[in-house]
Amino acid sequence: MRLRTFLARFRLMGTPGAAVAAVPADRTGDPAAELAPVLGRLTGVLDEASEIRARAEDEAAALVRRAARQAADIVADAEGRAGRVRAGAAAAALAEARREEIALLAVGRSTAEQVRRRSVERIPGLADRVAGYALGRPDGVGSDEWAPGGSPV
């Protein structure tokens, strides 16, 4: 069909200057025959679209595989670093525990030495008191008063 024949099928509707709308004058024509050349050209486009889609799917699959490899590498690296971080944290905690142990031992030794000194100071007075009770003189030997350090007076 020639272009001129095709365009002659449409006639203008409305007054001049108004919006233009056209209606096919020939309603008996075969729409399939009219559309066959246009749709025939789309065959190549459909094939090209299928090829583009297939390439996009391949690229997407490759991207997913690459992302999975990168994720696995990141996880492996993080696990390696986590082990080193845990070891460092354990070493720091152990060092702190050792410092605390040394401080507690020093306090314990100091307290033990104070107890030894006080016992050396208190034993003679307590021995006198016990002897006084044993001899029947509870108020004769020693007294019930205590010195500020905890020893009997």
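Just a few scattered comments:
- Scanning the stretch 61-93 for residues that are open to solvent by 90 Å² or more (accessible area, probe 1.4 Å) and either outside any helix (DSSP H, G or I) or of a type outside the set (Val, Ile, Thr) (or both) yields a total of 10.
The rows are residues; the columns are (1) within 60 Å of the chain's Cα centre (by Cα); (2) at pLDDT 80 or above; (3) not in a loop (DSSP other than H, G, I, E, B).
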| position | (1), (2), (3) |
| --- | --- |
| Arg4 | no, no, yes |
| Gly29 | no, no, no |
| Ala32 | no, no, yes |
| Asp47 | yes, yes, yes |
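- Qualifying residue in the stretch 47-63 (condition: closer than 30 Å to Leu3 by Cβ, without any contact (Cβ under 8 Å) to a residue 12 or more places away in the chain and among the hydrophobic types (A, V, I, L, M, F, W, C)): yes
The values are calculated or read from the model by the stated rules, or taken from the named source; none is laboratory data. Worth saying up front: this structure is predicted, and the values here are computed from it rather than measured. Every residue, glycine among them, receives a Cβ derived from its backbone with ideal geometry; neighbour counts consider all protein chains shown. Note: accessible area is taken over every heavy atom of the protein model, side chains too, but ligands, DNA and RNA are not part of it. Shrake-Rupley method; radii C 1.70, N 1.55, O 1.52, S 1.80 Å.
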